[in-house]
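Here's the structure, in structure tokens; my notes come after.
Derivation of every value follows stated rules applied to the coordinates shown; laboratory data play no part. Remember, predicted model here, so these are calculated numbers, not experimental data. Methodologically, a virtual Cβ is constructed for each residue, glycine included, from the backbone with ideal geometry; neighbour enumeration extends over all protein chains shown.
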Amino acid sequence: MSEDSCNLMNGKNSKSLSIALIRPGLGLKGRKKYASLACLEPLSLAILAALTPSDIDVVAFDDRIEDIDFSSSFDLVAISVGTFQARRAYEICDKFKSLGVKTIVGGFHAAFCGDEVLEHAASVAKGEAEALWAEVITDLRNGQLKKVYEVSNRPSLSGLLPDRTIFKNKGYMPMSVIQFGRGCPHSCDFCCIKAYYGNSCRHRLIDDVILEIKSTGRKWIFFTDDNLLSNKQKAKEFLKAIIPLRLKWTSQVSLACLDDNELLKLMKESGCQCIVIGFESLNPDNMKQMGKGWSDVTLYRKKIAKIRNMGIMIYGTFVFGYDSDSKDVFEKTLQFAMEEKFFLVNFNHLQPYPGTPLYERLKRKKELIFDKWWLEDNYRFGDVCFEPSKMTAVELANTCHSLRCQFYSWPSIFKRLWEFKSNCKSLSNLFVFLIISYISRQDIYRKHRLELGLHGGRES
């Protein structure tokens with residue numbers, strides 16, 4: 001008697017379970033599917049792969065850079081989704097549903113729009129994967145998937161090494177995405193981090209992170225923490241520990257952390273090449289309204305000088321559309337960014353994400369143009385979906401795009417390049433400055449007015 005026959009007689013299915021993990025793309029520009037020239041590994045998929053038992057077959061698809069295998073061979077398809085990718089995620093769910101394949105959707109958007117997700121997916125996951133994926137796997141084995149998986153407890157982050165074998169030969173940038181901690185102590189009203197993670201700021205064991213870094217075999221690292229230095233003591237311990245690794249790293253940090261000279265020194269010694277800072281506004285009234293009144297705009301230049309003196313390049317972000325913003329704010333902000341010769345800048349308009357205080361406030365005041373902008377047929381990337389106080393939505397959108405075009409013009413790029421303390425302090429900084437400036441310039445034009453989703457599952 002064959003082994004398969006024995007398994008069937010014993011009530012066992014010899015076919016191993018198969019799960020597809022998917023990172024949805026953004027949408028179309030013209031008739032082409034958009035993908036940045038600098039795609040990074042989607043860490044959430046590697047975490048799910050690591051949490052999946054070894055007897056289950058796992059395959060990953062990144063919709064940005066490859067075609068999805070729409071077949072009925074999968075027992076479950078898991079999709080991690082943000083708000084901008086929601087429309088495409090639902091197209092993927094609907095396609096698999098037509099083939100009789102169940103899908104489960106998690107991520108920030110799923111946590112705040114669960115009922116919407118269930119119009120397309122079999123299940124929704126609300127919470128962190130480490131706390132609920134084991135239950136999903138158990139129910140999958142038993143053929144009893146629930147509609148809703150929800151946890152409010154914050155799981156331990158120790159002992160987990162993301163499984164990057166799923167990224168083999170996919171053509172990502174040669175920079176590994178690593179996480180040291182989750183959460184942020186601040187409560188910016190446009191940010192969904194606080195709404196999702198609550199007041200918790202948790203960190204992995206330093207030894208676990210070092211083991212993961214070494215396993216990648218790479219020296220270029222992006223620490224994907226929402227605020228890498230939120231706990232100064234833990235940050236100092238961590239930075240001291242990674243000094244021997246001789247890394248070149250980038251991460252998001254808060255200006256509130258950069259008054260500590262010891263911390264700045266350790267950033268330099270541990271290989272910090274660039275930091276992403278949310279300056280947000282040059283207007284103190286705006287800073288108060290967004291919940292960042294603790295950030296003193298009069299000290300921006302002083303703190304920038306300290307960072308630059310360490311040889312660290314600055315990626316600054318600004319947001320426009322608060323009540324105190326009049327039309328003169330744009331030129332002032334562009335001039336500030338140019339004078340400081342930032343490496344990169346994002347000039348963003350306010351984007352009300354579901355689950356944030358900003359979204360709830362605008363919805364309550366009936367100032368949203370679209371309640372669910374991410375599903376609107378007429379919405380395009382870069383559109384403003386609320387009514388600003390001192391300009392029209394179209395004026396705000398167009399001016400933000402104009403600022404980006406000016407900042408990433410070739411004359412601007414070469415003017416900012418000649419900043420000898422950071423941007424061209426070394427051959428490494430010079431190389432990164434030129435390559436990423438070029439990619440950012442391309443993305444501005446390729447993403448502008450992009451359609452979300454591929455419309456009914458049409459593949460490009």
remark   = Flagged as over-length at 24 Å C-alpha distance, from 248/341; 248/303; 214/236; 146/372, the pairs are 146/372
remark   = Net charge (Lys, Arg +1; Asp, Glu -1) of residues whose beta-carbon lies under 12 Å from that of residue 115, residue 115 excluded, is +1
ask   = How big is region 16-150 in terms of Cα radius of gyration and Dmax, in angstroms?
value = 14.0, 44
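What ranking, highest mean first, results for peptides 101-113, 20-32, 325-337 when packing means the other Cβ atoms within 10 Å averaged over each residue?
Working: 101-113: 23.0, 20-32: 19.8, 325-337: 16.5.
Highest mean packing first, the order is 101-113, 20-32, 325-337.
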ask   = DSSP beta bridges in the chain, what fraction antiparallel, as a percent rounded to 5?
value = 15
inquiry  = Just to confirm a number: summing +1 for Lys and Arg and -1 for Asp and Glu over residues other than residue 245 whose beta-carbon lies under 9 angstrom from that of residue 245, what do you get?
reply    = +3
Computed Rg/Rh of region 360-457, alpha carbon atoms with Kirkwood Rh = 1.12
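Sort 440-446, 49-55 by packing, meaning the average of other beta carbons within 10 Å per residue, with the highest value first. Display every interim value, and only then the final one.
Details: 440-446: 16.3, 49-55: 14.7.
Top of the packing list down: 440-446, 49-55.
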query = If all Cα-Cα distances of the chain are sorted into 10 Å bins from 0 onward, what percent lands in each bin, rounded to whole numbers?
reply = 4, 19, 29, 28, 14, 4, 1, 0, 0
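With a/c under 1.5 counting as rounded, go ahead and sort region 182-451 into rounded, prolate or oblate using the C-alpha gyration tensor (a ≥ b ≥ c being the square roots of the eigenvalues; past the cut-off, prolate if a/b is larger than b/c, else oblate). Walk me through the intermediate numbers first.
Working: a/c = 1.72, a/b = 1.37, b/c = 1.26.
Verdict is prolate for region 182-451.
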query = How high is the relative contact order of region 182-451, in percent, counting Cα pairs under 8 Å that sit 6 or more residues apart?
reply = 16
key: Charge tally in the Cβ shell below 13 Å around residue 331, where Lys, Arg are +1 and Asp, Glu are -1, residue 331 excluded   = -1
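Give me the percent of DSSP beta bridges within region 182-451 that run antiparallel, rounded to the nearest 5.
Numbers: 3 of 24 bridges.
Taking every DSSP beta bridge within region 182-451, about 10 percent pair in antiparallel fashion.
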query = So, in nm, how far is label residue 152 from label residue 243 when the simple model puts each one 7 Å beyond its Cα toward the Cβ?
reply = 4.4
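Okay, helix-only estimate at 222 nm for the chain: each DSSP H run of n ≥ 4 adds -39500 (n - 2.57), divide by all residues, round to 500 deg cm²/dmol; what do you get? Numbers along the way, then the final one.
On the way: 17 runs with 167 residues, N = 460.
Dividing the helical sum by the residues of the chain leaves -10500 deg cm²/dmol.
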